[in-house]
Ligand SMILES: Cc1ncc(COP(=O)(O)O)c(C=O)c1O
C-alpha cells in the first residue's frame, strides 16, 4: 500500500515518534520485549488470518458494527447542528475498551504468552481485559489504584467474577498512573511469560500504534455509516480523551479530511487554575513518562502531578503521544470540560435521549452541547459515545445527593 | 573521553585486587541535612563509588524500599537544585570519590539535557545512570553527557542478549552496570552462578569494568558476587536502614547516619574478602 507524502495518518516513524512525541523510553530489561512486540505486531498486521479473527470476534462477540444513531431529540433541544452518536457504549462490556483487548489478546496468543497483566482506572479496561482472558482461558492480573478500587466498586466485582486477580495500588494517589507504574514493575519482573495489555493509546512504541489501529474500527465504521446516512462527511467529530484511545480511534480515519473539525475533550476537573484537573494538553507541558514523550501534568522540577477528574477514566496526567502531535500541528483542538458541566450533560442525555452515558463521554457531550448551537442546522456533529453509565450511577448518585 | 574519577577509582580497586563497593542513597532522604551528612560519611565507611538518586515521582524500576525513600525525599522538599547543591557541598571536602546521579529522564528533560549535563559536571558529578532512556535515544542525553565529560553508564540486563549487547555498550563509559535479575530494585533471588556467567559474557564484549546490582543485600552477597564482578552495587538495604532508624513520625534520629555507615562498613569488608588471587 502506498501512502501519500502529505497524509497525517502515516505515523509513527520507525522509532515510534509522532513528531517529537512518542518513542520508547523504558528500562533496558523491557527493550528487547518491546522490540519483540513490534515484530510480532508487524507480522500479525500482514497476516489476513489475524484480521479475520478480529473481525469475527468484533462481529459476534462484541456486537460490531455499533450503530451510528441520529439523536433527533437532542438535536432539536440544542437547536443547531445535527448530532449523531457512535454507540460504542452498546459493545459487550459496555465501552470501546473491548476493541483493543480482543486484538491484543490475539497478539499475546500469537506470541505464546501465557499470563496477561493490565492497568485500569475506571475499571472498564480491567473489565474488558478480564473478559477476553476468560474468553481465551488465560490468567489475568489487573493493577488498579486503591482510590479507584474504592470509587469503581461495581467494576471491581465484575473483574473478580470474570476470574481476574485485582491488585490495589497504594503508591501515590492510588489512581491510573500508579497502576501503570505497578504494571510496568510486574512486566519487568515476569519477562518470559507475561503480556502487558495496555488499555490506552499511550506507553512505549508500538503500543500507541497498536491501540490506535485496533480502535480505528470506530472511525472506519463511522465514516461508512455517516456517508450512508447523510451522503457526506461530518463537519465536526468529538471524543473524550483520557489516555486517548477512543478519541484516536474515531479521529484517525478522518485526519486527512480537512473539512472535518476534530475536538478532543479533556477533563477540566474543578478548573484549570490549580492542580485539580487532568487537562494535560491544555495545561501541561511535554515530558517523558510511561515510555513515551508527551504532554504531562508536572511541576517545574519534572515531578508528575496527580490530576483530578470526576471521571476515573480521564484521571491520568498524560495523554497518548499522537494527540500531543495532533495538537502541535494544529489538526485537532483540545478543550477542557469541568466536572459540573459533565455532570449536567450526563443528566441531559439521560432525560432527552434515554441513554445513560459514562462520565467520560459525558465530557465529550458537554462540548457538543456548547458546539451544536453555534453551528447551522444542516451541519453534522458525530460524537463517540464510548461507554455506558452503569458503572457511574453510584458516583453520580452521590454527587446529586441521592443515597443508593 | 579523558580519564574520569570513575575510571581512576575502578583502576585503583582493580590494582588492590578487589571489587569496588558502589553505594546508592536517595538524595534528600529522609531530609536534606541528614542526607548530606550520610553522603559525606560514605567514603570513610568504605564506599568507593556513590550513586545519588535523583528523586522522581514515578520510579518505575524501583521496588518498595527505594519507592519509599523517594517519597520521603520528595515530602521533605527535595529538588534537583538541592541534589546538585549536595554534590557541590561534598566536593568541598572530597575531590576523589566519584558521584553518579541516578534516576529517570523527565526531571532532566524539563531542565534541558544539554544545560543539565553542564550544570551537573560543574557541580562535581562524574556520571549519569538514567533508567528509562535506552541506547536507541543516545542522541538525547548520552551523547551530550559524554561531550560534557560525564560518563554515561548503561544498564545491561538478563534480557540483553549478545545481539543487543553491542548497542548497549556502544556509548557506555565508566563501567557497565549489570542488573542481576529481571525485576525491580530490591528483588530477591540473586543467583551467583548466573551472574558470574553473565559478567563473563559482558566482558567478552568490552574492556570496561562490570559492576553488578539489584539484589545484593549482605556482606556475603558482596563477597560472592565480587569474586567475579569489578563492582558491587547496594541500594535498597541502605535506604531500608535509613527507614528503620527513623522515629515514629518518620524523622531522622541520631542513629540514622551510623545505621547507614555501619552497614556500608560491613558490606565493604565483604567486598574485600572477595579479594582475587
Ligand atoms: C468509557 C470510557 N471512555 C473513555 C475512557 C478514557 O480512555 P481513552 O481516552 O483511552 O479512551 C475510559 C477509560 O477508562 C472509559 O472507560
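Since every read-out is calculated from the coordinates, none of them should be taken as a lab result. What you see is a predicted model; the values in this text were computed from it and never measured. Using ideal geometry, Cβ is built from the backbone for each residue, glycine included, and neighbour counts are taken over all protein chains shown.
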Please give the average number of partner chain Cβ atoms lying within 10 Å of the Cβ of each residue in A:295-302, rounded to a whole number. 6
Rounded to 0.05, the calculated FRET efficiency for the beta carbons of residue A:352 and residue A:224 at R₀ = 30 Å is 0.65
Gap separating the Cα centres of segment A:1-51 and segment B:167-195, nearest whole Å: 28 Å
Checking A:293, A:151, A:232 against a Gaussian network model of chain A (alpha-carbon springs below 10 Å), the top fluctuating residue turns out to be A:232
Peptide-level mean, for A:283-289, of C-beta atoms on other protein chains within 10 Å: 4
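Averaging sequence separations of C-alpha pairs under 8 Å and six or more residues apart, then dividing by the length of chain A, give the relative contact order as a whole percent.
On the way: 879 pairs, mean separation 81.9, N = 404.
Value for chain A: 20 percent.
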Inter-chain Cβ neighbour average for residues A:18-28, partner chain, 10 Å: 5
Got the relative contact order for segment B:5-271 handy, in percent, Cα pairs under 8 Å and 6 or more residues apart? 24 percent
In percent, what relative contact order does segment B:153-277 have, based on Cα pairs under 8 Å that are 6 or more apart in sequence? 22 percent
Can you compute the modelled spin-label distance between residue A:300 and residue A:77, with each label point 7 Å from Cα toward Cβ, in nm? 4.6 nm
Taking only the C-alpha atoms, wrap a convex hull around chain A and report its volume per residue in Å³ as a whole number. 132 Å³
Please report how far the C-alpha centroid of segment A:303-371 lies from that of segment B:79-154, rounded to the nearest whole angstrom. 39 Å
GNM top mover of B:247, B:221, B:230 - chain B, alpha-carbon springs below 10 Å: B:247
Of A:230, A:341, A:266, which has the largest mean-square fluctuation in a 10 Å C-alpha GNM of chain A? A:230
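Based on DSSP, what percent of beta bridges with both residues in the protein assembly as shown are antiparallel, to the nearest 5?
Counting only bridges with both partners in the protein assembly as shown, antiparallel ones make up about 20 percent.
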With a ≥ b ≥ c from the Cα gyration tensor eigenvalues, square-rooted, and the rule rounded for a/c under 1.5, otherwise prolate when a/b > b/c and oblate otherwise, segment B:91-198 is prolate
Separation between Cα centres of segment B:24-78 and segment B:222-256, rounded to whole Å: 10 Å
From the helices alone, meaning DSSP H stretches of at least four residues, give me the mean residue ellipticity at 222 nm for chain A, per-run term -39500 (n - 2.57), in deg cm²/dmol to the nearest 500. -12000 deg cm²/dmol
For segment B:5-271, using Cα atoms only, the Rg and Dmax in Å read 16.9, 51
Anisotropy class of segment A:48-203 from Cα gyration tensor, a/c 1.5 cut: oblate
Under the helix-only model (-39500 (n - 2.57) for each DSSP H run of 4 or more, divided by the residues of chain B), the mean residue ellipticity at 222 nm, to 500 deg cm²/dmol, is -13000 deg cm²/dmol
One finds, for residue A:110 and residue A:150 with R0 = 41 angstrom and r their Cβ-Cβ distance, a FRET efficiency to the nearest 0.05 of 0.65
Can you give the Rg and Dmax of the protein assembly as shown based on its C-alpha atoms, in angstrom? 26.2, 89
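Please give the length that would be gained between residue A:344 and residue A:49 if that part of the chain were fully extended, namely 0.36 nm times their separation in residues minus their C-alpha to C-alpha distance (nm, one decimal). Walk me through the intermediate numbers first.
Numbers: separation 295, 0.36 × 295 = 106.20 nm, distance 4.51 nm.
Gain on stretching residue A:344 to residue A:49: 101.7 nm.
Using packing as a proxy for protection, rank B:129-139, B:52-62 so that the peptide with the highest average count of other Cβ atoms within 10 Å comes first. It would help to have the intermediate numbers written out before the result.
Values: B:129-139: 21.2, B:52-62: 25.5.
Put in order of decreasing packing, that is B:52-62, B:129-139.
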Three-way shape call for segment B:28-75 based on the alpha-carbon gyration tensor, with the a/c threshold at 1.5: oblate
